[in-house]
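*Asks:* Structure provided below as C-alpha cells; questions to follow.
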Amino acid sequence: MNSRLLRLTNAAVIVGFLALPALVQAQISEYQEKQWLDTPAATSHIGNLTGNAHAATEPYRRYCTVCHGELGDGNGESAYWFDTPLFFKPRDFTTAVFKCRSTPTGTLPTDEDIYDSIGRGLDRSNMPPWNTFSAQMRADLVAWIKHYSPRWQTEKPGEPIVIPPEPEVTAERIKAGQDVFNRVQCWKCHGVEGRGNGPSASTLQDDQGRPILPYNFAEGGRFKCGTSDADLYKIFMTGLDGTPMPSFSDNIKPEEAWDLVFFLRTLQPFHTKAKELAKGLNLKPINPNAPPPSQ
Amino acid sequence: MKTWYKRPFPVLSALVIAAVVFAMVGEKVKAGGEGTITGTVKLNGTAPHMKGIDMSKDPVCSQQHQSKPATMENIMVGANGGIQNVVLYISDGLSAGAASAVPSEEPSFDQKGCMYTPHVMAVDVNQKFKVVTSDQTTHNIHPLPAAGTGNIGWNKSQPPGAPPIETDWKAQEIAIPVKCNIHPWMHGWHVVVKGPYAVTDENGNFTIKNVPAGSYTVTAWQEEYGTQTAKVTVAGGQAAKADFTFKAK
C-alpha cells in the first residue's frame, strides 16, 4: 500500500469513526420511538373507535412524512419550502405542543382534538384537511402522532374546559361582548375592528421566534381550530399554544365569553344573526387611547 | 434532533456519575447547624450600555417612565462593579434531602411599568410562586421552557386587575425565558434550581441561607455571561465565603 492510499484509508477510518455516534444516535431514536409505539399512549379513543399506531405506519409515511418528517419533528422534505416568514412550519410532534385544544394552555390536547384537526386541516397554513380518510384511519393517525413525544408517556391530557350551552344572541350581549373585547384588550393584537392590525401586531413571534400575524376577522378566513360558536369560545378560553395568542380563561367568565363570541361574529363578513342585530346598535370601534377601563 | 431522549446514553452516564458523586459526597456531610454562603459577584471591565426602551406603542407603559426612561436590564452593574440579578445555587454536593427541600416562601413575579420585577426570579423545583400585575394594561405572560426539560410552557393573559396566577415548575431549568407578546421588550427569567439559592442585590451581594455543613460546588448564573463555579466548604452553623467575577465582553 503506498503512503497516499494509507493516508486515505486512515482518513476514511477516522471519518467513519466520527460518523458512528451519529448513526448510533439515529438508531437509538428509532429504537426509542419504536418502544413508544407499543405503549398504551400510542392508542387513541375517539367515541367508540380505538386507534392503533401500528396501523398508521403506512398512511403516515405516504401522506404526512413530506411535511411532518419521518421523526415527527416537522422537518419533512417539503418543510423547508415553507420556511419563509409568515408561513407556518409543520407541527413538531416531539414537543406535543398543539394549537387546537379543548384543554387549558400548557396541557396535552384530547384525542378528539387531534382527530378533529386532522379532518379539518389548519386554514392559513399548508396543513390540508384529510377529510377523505376513514374515521378509523384518522384515529390510527392520532395514535401514531402520540408515539412521537415522551410527554404522552408521563402526562395525561388536560381536563377539557366546560362550555355552557349557547344562550340566545341579543343586542345587549353583543354590546357587552365589545366591552369584554375592550377590557381584556384583544385589540392590542387584533386591532380595534379585528383587522389583525393592533399596535402589537407587527412585532408578534411564535415560540420558535418566527413572525406571526393575528387573525384578521374582517377577512373572514376559517378559524384553524373549528368554525362553530363553541369552537370560537374554546379558542380564546384555551389559547393557541406555540403562538402569542394567550388563554383568557382566568379573566373572562363563561357568560361573558358567550357575549364576546357574539361580538366577534359581528366583525366577520358573514351573514349572522349577531351581525344583523349589530346594525341596529351602531357600535363604534373602541378608542385605544381612552383611559384604561377600570374594573 | 437535540432532544435528550433521542440520545439516552450521555444522559444515562451523566445520571450514573451524578448518583455516584452524590453517594460519595452524601457520606461526608456531617450533622451540624445550617450555615450560609455569602459573597459578591463583580464585573471585571466597563459595564456595557443598556439600551433605552421605546414604549410609545403603549402609552399606559410609557407614561410610567416619563421621569426616567426605562432601559434593558440584561446586565445591571452597581457603582462598586457588583452585578445585580445573578443567581447563585448549589450545583453539586447537596444530599438528596437538602436538594429536595422546598422553601415555603412564595415569591412574586410582578408586571410593573411594563417591566418584570424582579427581572430574574429564582425558585426551587415545586416551589409555589405568583405572577401578578400592577399595570393598567393587558399583559400576556408566556414562559418558554426548553423541550424535554420536564417543564411545560403556557400562555395566559392578565388584564388590569387580574388575580394572581399561582403555579410552580416541575424540573430544574437554568433558565426559562419569560416574555409578553403584547409588549415585545418585556423579557425576564425564571431560574429553577434544586436546594438553597440566592439572587444578587443591586451591589452584587448575596447570601445563600440554610446550607447544611458540607463541601459544595456553587454556580453563579448571569443571563448574558453564562456560568462560573466555585468550590465552597461550609462548616456547621458558619458563614462560608465565595466571590465571583465575570469578565465584560
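The values are calculated or read from the model by the stated rules, or taken from the named source; none is laboratory data. These numbers come from a predicted model, not from an experiment. Heads up, the Cβs are rebuilt from the backbone with ideal geometry, glycines too, and the neighbour counts pull from every protein chain shown. Remember, those area values only see protein heavy atoms, side chains included, never the ligands or the DNA or RNA. Shrake-Rupley method; radii C 1.70, N 1.55, O 1.52, S 1.80 Å.
*Asks:* Conditions first: (1) of a type outside the set (A, V, I, L, M); (2) within 14 Å of chain B (Cβ to nearest Cβ); (3) in contact (Cβ under 8 Å) with a residue 24 or more places away in the chain. A:THR57 passes all but one, so which condition is the exception?
*Replies:* (2)
*Asks:* On to the next question. Looking only at residues in segment A:52-66 that are open to solvent by less than 30 Å² (accessible area, probe 1.4 Å) and touching a Phe, Trp or Tyr at 6+ places or on another chain (Cβ under 9 Å), which one is nearest to A:ALA143 (Cα to Cα)?
*Replies:* This residue is A:ALA53.
*Asks:* Now for a separate question. Please list, ordered by residue number, the strands (runs of 3 or more DSSP E) wholly in segment B:73-189 having 3 or more residues that are more than 21 Å from B:GLU224 (Cβ to Cβ) and open to solvent by less than 40 Å² (accessible area, probe 1.4 Å).
*Replies:* B:129-133, B:139-143
*Asks:* If only one of B:VAL25, B:VAL60 is touching a Gly at 6+ places or on another chain (Cβ under 8 Å) and either part of a helix (DSSP H, G or I) or modelled with pLDDT under 95 (or both), which one is it?
*Replies:* The match here is B:VAL25.
*Asks:* Also: Going by the structure shown, is A:ASP140 open to solvent by 10 Å² or more (accessible area, probe 1.4 Å) and either within 14 Å of chain B (Cβ to nearest Cβ) or under 26 Å from A:PHE236 (Cα atoms) (or both)?
*Replies:* Criteria not met by A:ASP140.
*Asks:* Against the conditions (1) touching a Pro at 6+ places or on another chain (Cβ under 6 Å); (2) more than 7 Å from chain A (Cβ to nearest Cβ), where does B:GLY150 fall short? Just the number, please.
*Replies:* (1)
*Asks:* For A:GLN25, indicate whether it is surrounded by 11 or more Cβ atoms within 10 Å (Cβ to Cβ) and at pLDDT below 50.
*Replies:* So A:GLN25 passes the test.
*Asks:* Regarding B:LYS112, is this residue within 21 Å of B:GLY52 (Cβ to Cβ), at pLDDT 95 or above and either more than 15 Å from the chain's Cα centre (by Cα) or of a type outside the set (Asp, Glu) (or both)?
*Replies:* Judged against the criteria, B:LYS112 is a match.
Here's the yes/no breakdown for (1) within 14 Å of chain B (Cβ to nearest Cβ); (2) under 16 Å from A:ARG222 (Cα atoms); (3) over 11 Å from the mean Cα position of the chain (by Cα):
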{"site": "A:THR94", "(1), (2), (3)": "yes, no, yes"}
{"site": "A:LYS99", "(1), (2), (3)": "yes, yes, no"}
{"site": "A:THR103", "(1), (2), (3)": "yes, no, yes"}
{"site": "A:THR110", "(1), (2), (3)": "no, no, yes"}
{"site": "A:GLY121", "(1), (2), (3)": "no, yes, no"}
{"site": "A:ASN126", "(1), (2), (3)": "no, yes, yes"}
{"site": "A:PRO129", "(1), (2), (3)": "no, yes, yes"}
{"site": "A:THR132", "(1), (2), (3)": "no, no, yes"}
{"site": "A:ALA135", "(1), (2), (3)": "no, no, yes"}
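*Asks:* Same structure, new question: Given the criteria within 24 Å of the chain's Cα centre (by Cα) and open to solvent by less than 50 Å² (accessible area, probe 1.4 Å), does A:LEU213 qualify?
*Replies:* No: the conditions fail for A:LEU213.
*Asks:* Further question: Report, by residue number, each residue of segment B:199-211 that is surrounded by fewer than 22 Cβ atoms within 10 Å (Cβ to Cβ) and not acidic (Asp, Glu).
*Replies:* B:VAL199, B:ASN203, B:ASN205, B:THR207, B:LYS209, B:ASN210
*Asks:* When only residues in segment A:219-239 that are open to solvent by 30 Å² or more (accessible area, probe 1.4 Å) and not charged (D, E, K, R) count, which is farthest from A:GLU172 (Cα to Cα)?
*Replies:* Among them, the one singled out is A:THR227.
*Asks:* Further question on the same structure: Name the residue that is surrounded by the fewest Cβ atoms within 10 Å (Cβ to Cβ), counting only residues in segment A:76-105 that are free of Cβ contacts under 8 Å to residues at least 12 places away in the same chain and not in a helix (DSSP H, G or I).
*Replies:* A:THR84
*Asks:* Next question. Looking only at helices (runs of 4 or more DSSP H) that fall completely inside segment A:178-295, which ones have 1 or more residues that are within 13 Å of chain B (Cβ to nearest Cβ)?
*Replies:* Once the helices (runs of 4 or more DSSP H) in segment A:178-295 are filtered for at least 1 residues that are within 13 Å of chain B (Cβ to nearest Cβ), what remains is A:187-190, A:229-238, A:254-267.
*Asks:* Check off (1) at pLDDT 90 or above; (2) within 30 Å of A:THR203 (Cβ to Cβ); (3) surrounded by 15 or more Cβ atoms within 10 Å (Cβ to Cβ) for A:LEU283 and give me the number that stays unchecked.
*Replies:* (1)
*Asks:* Answer yes or no: is there a residue in segment B:124-134 that is at positive phi and modelled with pLDDT of 95 or more.
*Replies:* Among the residues of segment B:124-134, at least one is at positive phi and modelled with pLDDT of 95 or more, which makes the answer yes.
*Asks:* If you don't mind, there's one more thing I want to ask. Return yes or no: is B:GLU34 charged (D, E, K, R) and modelled with pLDDT of 95 or more?
*Replies:* Against the criterion (charged (D, E, K, R) and modelled with pLDDT of 95 or more), B:GLU34 does not qualify.
*Asks:* Looking only at segment B:168-221, count how many residues are of a type in the set (Lys, Arg) and in contact (Cβ under 8 Å) with a residue 60 or more places away in the chain.
*Replies:* Within segment B:168-221, residues that are of a type in the set (Lys, Arg) and in contact (Cβ under 8 Å) with a residue 60 or more places away in the chain number 2.
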